[in-house]
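Before any comments, here is the structure.
The values are calculated or read from the model by the stated rules, or taken from the named source; none is laboratory data. Predicted, not measured: the structure shown is a model, and the values here were computed from it. Cβ sites come from the backbone with ideal geometry, for glycine too, and all protein chains shown count toward neighbours. For the accessible areas, the whole protein counts, side chains as well, though only heavy atoms, and no ligand, DNA or RNA atoms are used. Shrake-Rupley method; radii C 1.70, N 1.55, O 1.52, S 1.80 Å.
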Amino acid sequence: MKHLTESEFRATFAGSMQRVALDAEPPVPFWDYFDAIPTAHFAGHDCSVGSVSHAWTDATGRFQHVLVNTNDKNVFIVIVLDLRESSVFGHRLLNLNLQYGLEGT
């Protein structure tokens, strides 16, 4: 289980990210990994519904970012999949409200 640092997370972006169709089957099973993430990594945000409304693949086709929704607008737990290794690379809380000054809930 890898709680990615900001620099480790940023290193999984390459070129323009391509949106993945939401009806696409995940290339790597990740829900068991998600269920094992320590509560502290959610920083008080609730992801218990377990819904995904965004997934993106980097331009190299190596990494896919699966954004698991929280109950807070613009806040996600991102599960990073390593498509070459067919494994979960790690995870990171993505709070776009803090990062970009967006309005939350």
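At-a-glance table
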{"item": "With every protein chain in place, the chain: carbon and sulfur % of accessible area (1.4 Å)", "result": "52 percent"}
{"item": "Efficiency of FRET between GLN99 and SER53 - r from beta-carbon atoms, R0 22 angstrom, step 0.05", "result": "0.80"}
{"item": "Over the chain, relative contact order from alpha-carbon pairs under 8 Å, at least 6 apart, %", "result": "28 percent"}
{"item": "Distance between modelled label sites at ARG62 and ALA24, nm, 7 Å Cα→Cβ extension", "result": "1.8 nm"}
{"item": "For the chain: rounded, prolate or oblate by the Cα gyration tensor [a/c cutoff 1.5]", "result": "rounded"}
{"item": "Residue among PHE76, PHE89, PHE30 with the largest mean-square fluctuation in a Gaussian network model of the chain, springs linking Cα atoms under 10 Å", "result": "PHE30"}
{"item": "Accessible surface of GLU85 - all protein chains present, 1.4 Å probe, nearest 10 Å²", "result": "120 Å²"}
{"item": "Counting DSSP beta bridges with both ends in the chain, the antiparallel % (nearest 5)", "result": "95 percent"}
{"item": "ASP72, ASP82, ASP23, reordered so the largest accessible area comes first (probe 1.4 Å)", "result": "ASP23, ASP72, ASP82"}
{"item": "In Å², nearest 10: area of SER48 left accessible to a 1.4 Å probe", "result": "100 Å²"}
